[in-house]
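Notes follow the structure.
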Amino acid sequence: MNTTAVLTKFYEVYVSGENRFAQFEYDGVTYRYIAPCIVIGVERKNDGVRITDMERTVLDGINDFQKIAGLEELLRCLDLVPHVNEKKLLILSRSL
């Protein structure tokens, strides 16, 4: 299963992956499925969990900034990103 998630300040997690699921709430957090717009830029950790790489995370945030609390919050988040691979960012952006 290929899955990524973004936690918003409103206690919502948008999960993208191959397997669609019904929205649910757990421990005060609402989990919502969102269809993936691209399938590259995902890494598998040693424990088997898949996460997006930094470049994919940046592009997802830009593409769906209204879901992560708006433009101001996006700009604050981008300011915290230490480094991105520009070539990889361009390749990923062409996949949108």
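Listing for the model above:
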{"read-out": "Residue 69 long-range amide H proximity, modeled H, under 5 Å", "value": "none"}
{"read-out": "Computed accessible area, residue 71, all protein chains, 1.4 angstrom probe, square angstrom", "value": "90"}
{"read-out": "Solvent exposure, largest accessible area first (probe 1.4 Å, DNA, RNA and ligands not counted), of 26, 14", "value": "26, 14"}
{"read-out": "Global form of region 20-69, assessed from the alpha-carbon gyration tensor, a/c cut-off 1.5", "value": "oblate"}
{"read-out": "For residue 14, distant residues with modelled amide H under 5 Å away", "value": "6, 8, 32"}
{"read-out": "Computed over the chain: relative contact order in percent, which uses C-alpha pairs under 8 Å that are six or more apart", "value": "23"}
{"read-out": "Heavy-atom surface of region 5-73, accessible at 1.4 Å and reported per residue (Å²)", "value": "67"}
{"read-out": "Fraction of accessible area attributable to carbon and sulfur, the chain (%, probe 1.4 Å)", "value": "55"}
{"read-out": "Residues with amide H under 5 Å from that of residue 52, placed H, sequence gap 5 or more", "value": "5, 43"}
{"read-out": "Most mobile of 81, 58, 15 in a GNM of the chain (Cα contacts under 10 Å)", "value": "81"}
{"read-out": "Listed residues 60, 47 arranged by accessible area, highest first, probe 1.4 Å", "value": "47, 60"}
{"read-out": "Ranking by accessible area, most exposed first, for 65, 24 with a 1.4 Å probe", "value": "24, 65"}
{"read-out": "Residue-averaged 222 nm ellipticity for the chain, from DSSP H runs of 4+ at -39500 (n - 2.57), nearest 500", "value": "-8000 deg cm²/dmol"}
{"read-out": "³J(HN,Hα) computed for each position of region 27-38 - Karplus, 6.51 cos²θ - 1.76 cosθ + 1.60, integer Hz, glycine/proline x", "value": "6, x, 10, 8, 9, 10, 7, 9, 5, x, 8, 9"}
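The values are calculated or read from the model by the stated rules, or taken from the named source; none is laboratory data. The model shown is predicted, which means the values in this text are computed figures rather than measured ones. Heavy atoms of the whole protein, side chains included, go into the accessibility calculation; ligands, DNA and RNA do not. Shrake-Rupley method; radii C 1.70, N 1.55, O 1.52, S 1.80 Å.
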